């Protein structure tokens with residue numbers, strides 16, 4: 001039987017992901033702020049950036065929740081199999 005336990009990210013990976021997200025977002029905000037266009041175009045690009053950012057967080061949460069649900073179902077199925085195997089007595093007379 002394979003035991004599927006979720007892998008835990010290291011602190012370094014978490015820090016790298018946070019820093020790369022911050023750099024990407026700040027670079028985009030800086031580029032929009034200094035873009036030589038009309039203010040309404042800047043506002044449109046800013047709203048697009050905000051929408052993309054919030055959508056990314058929502059998608060990440062949905063993926064995480066789906067993985068957590070799958071892990072719980074797998075654990076429940078494994079517990080049921082373990083219970084059946086523990087209760088099974090191959091030498092019990094069939095009467």
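Table for the structure above
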{"item": "The stretch 54-67 residues that are assigned to a helix (DSSP H, G or I), paired with ones that are at pLDDT below 90 (beta carbon under 8 Å, 6 or more apart)", "result": "67/6"}
{"item": "Single condition residue 31 does not satisfy, out of (1) at pLDDT 80 or above; (2) exposed (fewer than 11 other Cβ atoms within 10 Å of the Cβ); (3) in a helix (DSSP H, G or I)", "result": "(2)"}
{"item": "Condition broken by residue 21, with the remaining ones in (1) modelled with pLDDT under 90; (2) in a helix (DSSP H, G or I); (3) under 18 Å from the mean Cα position of the chain (by Cα) satisfied", "result": "(1)"}
{"item": "Residues located in the stretch 24-53, provided they are touching a residue at least 24 places away in the same chain (Cβ under 8 Å) and within 20 Å of the chain's Cα centre (by Cα)", "result": "25, 53"}
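The values are calculated or read from the model by the stated rules, or taken from the named source; none is laboratory data. Just so it is clear, the structure is predicted and the values come from calculations on it, not from any experiment. Every residue, glycine as well, gets a Cβ built from its backbone with ideal geometry; the counts of neighbours run over all protein chains shown.
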